[in-house]
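Quick note: the coordinates plus some simple rules give every number you see, no bench work behind them. Values in this document were obtained by computation on a predicted structure and should not be read as measured data. We place every Cβ from the backbone using ideal geometry, glycine too, and count neighbours over all the protein chains shown.
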Amino acid sequence: MHTDAERCVRAVQSKDARFDGWFFTAVLTTRIYCRPSCPVVPPKPENMTFYPSAAACQQAGFRACKRCRPDSSPGSPEWNQRADLVARAMRLIGDGVVDRDGVPGLATRLGYSSRQVERQLLAELGAGPLALARAQRAQTARLLIETTPLPMAEIAFAAGFSSIRTFNDTVREVFALAPSELRARAARAARAQKSGRGTAPAGHGGALTLRLPFRTPLNPDNLFGHLVATAVPGVEEWRDGAYRRTLRLPYGHGIVALTPAPDHIGCRLTLTDLRDLTIAISRCRRMLDLDADPAAVDGQLRRDELLAPLVDKAPGRRVPRTVDEAEFAVRAVLGQQVSTAAARTHAARLVTAHGEQVDDPEGGLTRLFPSPESLAALDPEALALPRSRRTTLTTLVRHLADGSLNLGVESDWDEARARLAELPGFGPWTVEVIAMRALGDPDAFIPSDLGMRRAAQELGLPHTPAALTARAAAWRPWRAYAVQYLWATDDHPINYLPA
């Protein structure tokens, strides 16, 4: 979008928050870059130039605006609706792969050379993988500076910087403030909050507390309702108005509590290693589908006269996804042809027998969901499942454990579908549910699902899989969102925000 200057100028002049994250406005006179919805008086059009990423702005010598904090705007929805090289690379960079494994590690995960990855990212985003990762490190550093009392040296290494000097130089360059000055500003904001004059993030019980932004509208009912209705005891729970769960992370584990609010999702993270902060935030955003573009999704679905009333009644539905793709694939198999309650029971047994124990300061959460490696060694005869389902599960975990099946954020959606379909016991329903909620394909579609067929029949839509698929062609590339609206016609706990 950043190449359409006229459209960008209109968005900036109208302060349209829908375009936050789609592009960034750099002001030639002040050398500052902003999000489109920045509250300051818009600059003259001739003084604006536009970039596709914060990293590109920083590379061009612009610093982040202190008012609108463009580095903390929602991510571009492009990376969630595409499965090409650039989108897959951006998802991996968001997961901190460059910080952990460098550009060669990123290229290896993608199956391309470092040079090819660099060239593609520069062409589309105006910045290479190192610059994009640097921009993300700067945002992580800012978050830790403003929300924790940690010493600056610990923050530097937790954010992924290789030295204190690089950390100091980057923070000064990106935010035009020294780390200590950023902390002092945050302290003043906290004092203003106590006196009712402002807001600021705060810690709670040793946890990090922050806000996860999204593009409005967002309907939390089916999003949190689905996660809570299918929650595995010990791994997930709903407590005090928040969805809580354990997280398996590269350097340790964590516990997150996510609370829906009208203009953000409250996020409280407890981590055993702060180096996992970036990936924990990335996975929570992906699970809640917070980078979606509801204007584009709902706008297209409203064109269908039978879907339009559903969209108008509760716009902004998101697709509930996952923080762990392998975990969800296992749970999808456990949920084949059984009720939600039965699937939870089967998953809880696996967790009790094979999940690693964790300490939850607030109580309630006790274990991580078992990894594919730990499940690969289980005795099939110990599973209270039909024999065919045991074969399906053990084959799946074996392929996940040895790496022959990859469902990570870098996976190619069509290739992953094909590999899943080759496994015994994987029919179209299981493959598409995994594509929708684990792979994150916004066009995944499950016409054979019982809830879909009931909704289609009630609304007067074709209810045979072939006929419904033909009708749904007009909903592409957002068929996964159409599924959420159709499911919501049923009186099922997944459709209601818990009390």
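Quick one: putting +1 on the C-beta of Lys and Arg, -1 on the C-beta of Asp and Glu, what dipole do you get for the chain around its Cα centre, in Debye to the nearest 20? Spell out each step's value before the answer.
Numbers: 62 positive and 55 negative charges, 269 e Å.
My answer is approximately 1300 debye.
Expressed as an acute angle from 0 to 90° and rounded to the nearest 10, what is the orientation of the C-alpha long axis of helix 179-194 relative to the principal long axis of the chain?
70
If we sort 246-252, 355-361 on the protection proxy, mean other Cβ atoms within 10 Å, highest first, what's the order? Each step should come with its number before you reach the end.
Values: 246-252: 19.4, 355-361: 14.6.
Going by the mean number of other Cβ atoms within 10 Å, highest first, we get 246-252, 355-361.
Helix 387-402 versus the longest principal axis of the chain: what angle, 0 to 90°, nearest 10, using Cα atoms?
Value to nearest ten degrees: 30.
How many angstrom separate the Cα center of region 59-88 from the Cα center of region 412-456?
Region 59-88 and region 412-456 have Cα centres spaced 29 Å from each other.
Order of 475, 22 from fewest to most other C-beta atoms within 10 Å?
Values: 475 21, 22 24.
Ordered by Cβ neighbours within 10 Å, fewest first: 475, 22.
Among 456-463, 482-489, what's the highest-first ranking by average C-beta atoms within 10 angstrom per residue?
Details: 456-463: 15.2, 482-489: 22.9.
By packing density, highest mean first, the sequence is 482-489, 456-463.
Calculate how steeply helix 129-147 sits against the longest principal axis of the alpha-carbon atoms of the chain, using the helix alpha-carbon long axis, and give the answer as 0 to 90 degrees to the nearest 10.
Taking the Cα atoms of the chain, the angle to 129-147 is about 80 degrees.
Kindly point out, ordered by number, any Cys in the chain whose beta-carbon has no other cysteine beta-carbon under 4.7 Å away.
Those would be 8, 57, 267, 284, since no other cysteine Cβ in the chain comes under 4.7 Å of theirs.
When a/c reaches 1.5 or more, the comparison of a/b and b/c decides; with that in mind, is region 208-290 rounded, prolate or oblate per its Cα gyration tensor? Numbers along the way, then the final one.
Numbers: a/c = 1.93, a/b = 1.27, b/c = 1.52.
The shape class here is oblate.
Return the calculated 222 nm mean residue ellipticity for the chain, to the nearest 500 deg cm²/dmol, obtained by summing -39500 (n - 2.57) across DSSP H runs with n ≥ 4 and dividing by the residue count. Each step should come with its number before you reach the end.
Numbers: 23 runs with 231 residues, N = 499.
One gets -13500 deg cm²/dmol as the mean residue ellipticity at 222 nm.
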